[in-house]
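The next block holds one structure in the form of structure tokens; read it before the comments.
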């Protein structure tokens, strides 16, 4: 285990990404302290440029861009992480049951997950949010609904191979029941691909959340990066910073999460990368 | 000196930093002489395969790389040749035969084309001439109907035929040296005997030198002119085959030779035959199992493969029966049916008089305490994320033993199988193959079963470890008065552990009887063939006879 952490942190891309992610998480957690006023409050005249009274300037209605960015980090991360957790939990259950029992159960569950995969995921998410009415929880539900099938497939594949290993058969011969075998013997051994896929899913969730907010389908009472870009896009020529700053924030965060996910993969399967 | 085809001088191969030792091969010097078969023998991890790969520069560089020494072939050092030079030698002058022909052959090309390709790369022959040559070498390695085999894909051939194709490919250009890396390990005994005979015959006819890598002293006795023994990357002994086999000098070689399971069969112990003790512990009557798979995506007909076709046997209390057969004979399927990992299609499996065939997993649970299993692969059969103590205590806990008692018993069992009770707190990856198999045995014993089914428990282990594990099983069997169904492909192992033997072929038992009787007077043709195919049989019989004289 020690060598895992060493391999993980010695990767310069992972180290840099972790620095950025730690920073973003810290900002998100401390948002009420860093920007005590509501991010929707009008604090100055519209379109004041960066490095003036406000560090990043103000938007078309005179709201502080920095305050919005700080609260946006909170929204984006919270929704992305909750949605990913929901998707991983549901996808793992479906994949584990499909892989472990096989046969008709497997066929049925996999056809259902294929049904979800055949619908273009973003359009599906838009439809879901539109039906559920835009709010934080409907964003989580929509993102989780379109994200679970890949998890289910990864877990099913892992369970299928692990199920055939002899230690699982030994547990059957010892008389263990199905659920303890699945939870105690099989799933712990499927953990590493699950962690990697799950971490990459967070990045994807941030992108979906931003895109939905950009389209005005985000939670109306929560400031978010996508919403900031959507609100600022009409003024791209006059006030470039309105779009650029939250855009860069999304870019760096998604990139960092992807690099960390890749680093996890390399550290969990060192031979794969070396040989 | 001019008589050497290949001279390895002081070869050293370094391993990457995460490996358990610094050098895979450590200062090995060897010569392969013209017209000889040199066997390099060693257990797993001895560096014998790495050495063979280093000769043709096939190492997974940069992690495993040569750090010193020379490999001289026709007064040039193969290790410093430019890439074009080594390519001309590979396949052309020095050919290689790999262990697993299914993996070594390209599944998308006909075997004829694959052989043709080698000739095409190395010579200027025209297509018609090349085809002629391919048919010639296919005939040479005794492939039936070379013209038809030519157009076959690897999956259409049997394991033995695939290995013959590999040999044909190696022979195609009349190389000066063939490196054979465990070429018969993946094959059944009878096929192995044929391939060994073929290699020896071809070698005599073509005068090729062969560097033959193996772990099996039986094979050495069959084929070698000279023997070199390797251990942990170092050469410990080399000499003429007869000398090394009969008068090994180095202590390690002596231990290896002594560890080869002998062909002398066990005799029945007293009146312990199954019939004498009344109702047998396990009685299997007419059990059959047919696998049906989907023929293809759109095919309506299902492919049916009968794996076990009406097998009957019984094992009495305290008796042990060896079920011997080659791969595909259905011996493992039968075992899986008996322990309930597979459901038999028909027949009865009576465990202490009650029929357990076709019971659901839940209904089988009470019988688990009578019947336990030891698995083949010591690496796959222990959950890598569980502590050893938990693995062993698992069965008793499931069956209602309090956790604390179960763990105390687990520590006791560890001591019993020759491990430190402290091992309970460690994870399986910290143990060697033999130690893991001991843990597997402890797990099987934990619920205090009356019958143990051992499915090839030693076939993944080195000979020296194999011997220890077999002795352990034997001791435990006596100590606990256990019955055992021992499944193996190796007649030598069967002879060593079991009083009774049943030979299985194509899903049916063809011969059954006391081990001593079967060995002395085999009745069925197949049993005779199996006995004749045991590698190193003559050598063993000779040493046995010599021992009796003393």
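The values are calculated or read from the model by the stated rules, or taken from the named source; none is laboratory data. Nothing here was measured: the structure is a model prediction, and the numbers come from that model. Here the Cβ is made from the backbone with ideal geometry for all residues, glycine too, and neighbour counts use every protein chain on show.
Which one is farthest from the other protein chains (Cβ to nearest Cβ) among residues in segment B:60-72 that are in contact with a helix residue (DSSP H, G or I) (Cβ under 8 Å, 6 or more places away or on another chain) and surrounded by 17 or more Cβ atoms within 10 Å (Cβ to Cβ)? My answer is B:71.
On the stretch given as segment B:500-521, residues that are in a loop (DSSP other than H, G, I, E, B) and crowded, with 20+ Cβ neighbours inside 10 Å total 1.
Being within 14 Å of another protein chain (Cβ to nearest Cβ), outside any helix (DSSP H, G or I), without any contact (Cβ under 8 Å) to a residue 24 or more places away in the chain and farther than 30 Å from residue A:64 by Cβ is a property that does not hold for residue A:185.
Can you confirm whether residue B:146 is over 23 Å from residue B:39 (Cα atoms), in contact with a helix residue (DSSP H, G or I) (Cβ under 8 Å, 6 or more places away or on another chain) and modelled with pLDDT under 90? Yes: the conditions hold for residue B:146.
Residue by residue through segment B:336-365, note down the ones that are part of a helix (DSSP H, G or I), touching a strand residue (DSSP E or B) at 6+ places or on another chain (Cβ under 8 Å) and away from chain A (no Cβ under 11 Å). Residue satisfying the conditions is B:337 alone. Evaluated against (1) more than 28 Å from residue B:262 (Cβ to Cβ); (2) surrounded by fewer than 22 Cβ atoms within 10 Å (Cβ to Cβ), residue B:182 falls short on exactly one condition, (1). The set of residues in segment B:225-279 being surrounded by 20 or more Cβ atoms within 10 Å (Cβ to Cβ), at pLDDT below 85 and not in a loop (DSSP other than H, G, I, E, B) consists of B:274 alone. Scanning segment B:367-411 for residues that are in contact with a strand residue (DSSP E or B) (Cβ under 9 Å, 6 or more places away or on another chain) and either more than 12 Å from chain A (Cβ to nearest Cβ) or part of a loop (DSSP other than H, G, I, E, B) (or both) turns up B:370, B:375, B:376, B:381. Is it the case that residue A:208 is more than 14 Å from chain B (Cβ to nearest Cβ) and either modelled with pLDDT of 90 or more or touching a strand residue (DSSP E or B) at 6+ places or on another chain (Cβ under 8 Å) (or both)? Yes; evaluated as a whole, the condition is true for this residue. Of the residues making up segment B:462-476, those that are touching a residue at least 24 places away in the same chain (Cβ under 8 Å), more than 14 Å from residue B:442 (Cβ to Cβ) and in a helix (DSSP H, G or I) are B:463, B:464, B:465, B:466, B:467, B:468, B:470.
A quick yes/no check of all residues on (1) surrounded by fewer than 18 Cβ atoms within 10 Å (Cβ to Cβ); (2) away from every other protein chain (no Cβ under 14 Å); (3) at pLDDT 90 or above:
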{"residue": "B:13", "(1), (2), (3)": "no, yes, yes"}
{"residue": "B:19", "(1), (2), (3)": "yes, no, no"}
{"residue": "B:22", "(1), (2), (3)": "yes, yes, no"}
{"residue": "B:33", "(1), (2), (3)": "yes, yes, yes"}
{"residue": "B:38", "(1), (2), (3)": "no, yes, yes"}
{"residue": "B:42", "(1), (2), (3)": "no, yes, no"}
{"residue": "B:55", "(1), (2), (3)": "no, yes, yes"}
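State all residues of segment A:173-182 that are assigned to a helix (DSSP H, G or I), within 8 Å of chain B (Cβ to nearest Cβ) and either crowded, with 20+ Cβ neighbours inside 10 Å or out of contact with any helix residue (DSSP H, G or I) (no Cβ under 9 Å at 6 or more places or on another chain) (or both); if no residue qualifies, say none. Correct list: A:173, A:174.
If you go through segment B:470-483, how many residues are farther than 19 Å from residue B:261 by Cα and in contact with a strand residue (DSSP E or B) (Cβ under 8 Å, 6 or more places away or on another chain)? Of the residues in segment B:470-483, 2 are farther than 19 Å from residue B:261 by Cα and in contact with a strand residue (DSSP E or B) (Cβ under 8 Å, 6 or more places away or on another chain).
Matching residues to (1) assigned to a loop (DSSP other than H, G, I, E, B); (2) surrounded by 19 or more Cβ atoms within 10 Å (Cβ to Cβ); (3) in contact with a helix residue (DSSP H, G or I) (Cβ under 8 Å, 6 or more places away or on another chain):
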site: A:14; (1), (2), (3): no, yes, yes
site: A:46; (1), (2), (3): yes, no, no
site: A:73; (1), (2), (3): no, yes, yes
site: A:76; (1), (2), (3): no, yes, yes
site: A:86; (1), (2), (3): no, no, yes
site: A:90; (1), (2), (3): no, no, yes
site: A:109; (1), (2), (3): no, yes, yes
site: A:114; (1), (2), (3): no, no, yes
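Residue A:149 satisfies every condition listed in (1) away from chain B (no Cβ under 14 Å); (2) in a loop (DSSP other than H, G, I, E, B) except (2).
When residue A:149 is tested against (1) surrounded by 19 or more Cβ atoms within 10 Å (Cβ to Cβ); (2) in contact (Cβ under 8 Å) with a residue 12 or more places away in the chain; (3) more than 17 Å from the chain's Cα centre (by Cα), just one condition goes unmet, and that condition is (3).
Would you mind stating whether residue B:491 is surrounded by fewer than 19 Cβ atoms within 10 Å (Cβ to Cβ), within 23 Å of the chain's Cα centre (by Cα), at pLDDT 85 or above and at negative phi? No; evaluated as a whole, the condition is false for this residue.
The residues listed here are B:127, B:144, B:107; of these, the one that is surrounded by fewer than 13 Cβ atoms within 10 Å (Cβ to Cβ) and within 23 Å of residue B:58 (Cβ to Cβ) is B:107. Which of the residues spanning segment B:2-24 are touching a residue at least 24 places away in the same chain (Cβ under 8 Å) and over 15 Å from residue B:56 (Cα atoms)? Scanning segment B:2-24 gives B:3, B:4, B:10, B:14, B:15, B:16, B:21, B:23, B:24.
Scan segment A:153-168 and tell me whether some residue there is more than 14 Å from chain B (Cβ to nearest Cβ) and not in a helix (DSSP H, G or I). Scanning segment A:153-168, I find no residue that is more than 14 Å from chain B (Cβ to nearest Cβ) and not in a helix (DSSP H, G or I), so the answer is no. Considering every residue within segment B:497-504, establish whether at least one is within 23 Å of residue B:382 (Cβ to Cβ), touching a strand residue (DSSP E or B) at 6+ places or on another chain (Cβ under 7 Å) and in contact (Cβ under 8 Å) with a residue 12 or more places away in the chain. Yes, segment B:497-504 contains at least one residue that is within 23 Å of residue B:382 (Cβ to Cβ), touching a strand residue (DSSP E or B) at 6+ places or on another chain (Cβ under 7 Å) and in contact (Cβ under 8 Å) with a residue 12 or more places away in the chain. Among residues that are in a helix (DSSP H, G or I), more than 14 Å from chain A (Cβ to nearest Cβ) and touching a strand residue (DSSP E or B) at 6+ places or on another chain (Cβ under 7 Å), residue B:95 is not included. Of the residues that make up segment B:79-87, is at least one in contact with a strand residue (DSSP E or B) (Cβ under 8 Å, 6 or more places away or on another chain), away from every other protein chain (no Cβ under 14 Å) and crowded, with 19+ Cβ neighbours inside 10 Å? The answer is no; no qualifying residue exists. Taking (1) within 12 Å of another protein chain (Cβ to nearest Cβ); (2) modelled with pLDDT of 90 or more; (3) assigned to a helix (DSSP H, G or I) in turn, residue B:429 satisfies each apart from (2).
Considering B:459, B:464, the condition of being surrounded by fewer than 18 Cβ atoms within 10 Å (Cβ to Cβ), under 28 Å from the mean Cα position of the chain (by Cα), within 14 Å of chain A (Cβ to nearest Cβ) and within 22 Å of residue B:258 (Cβ to Cβ) is satisfied by B:459 alone.
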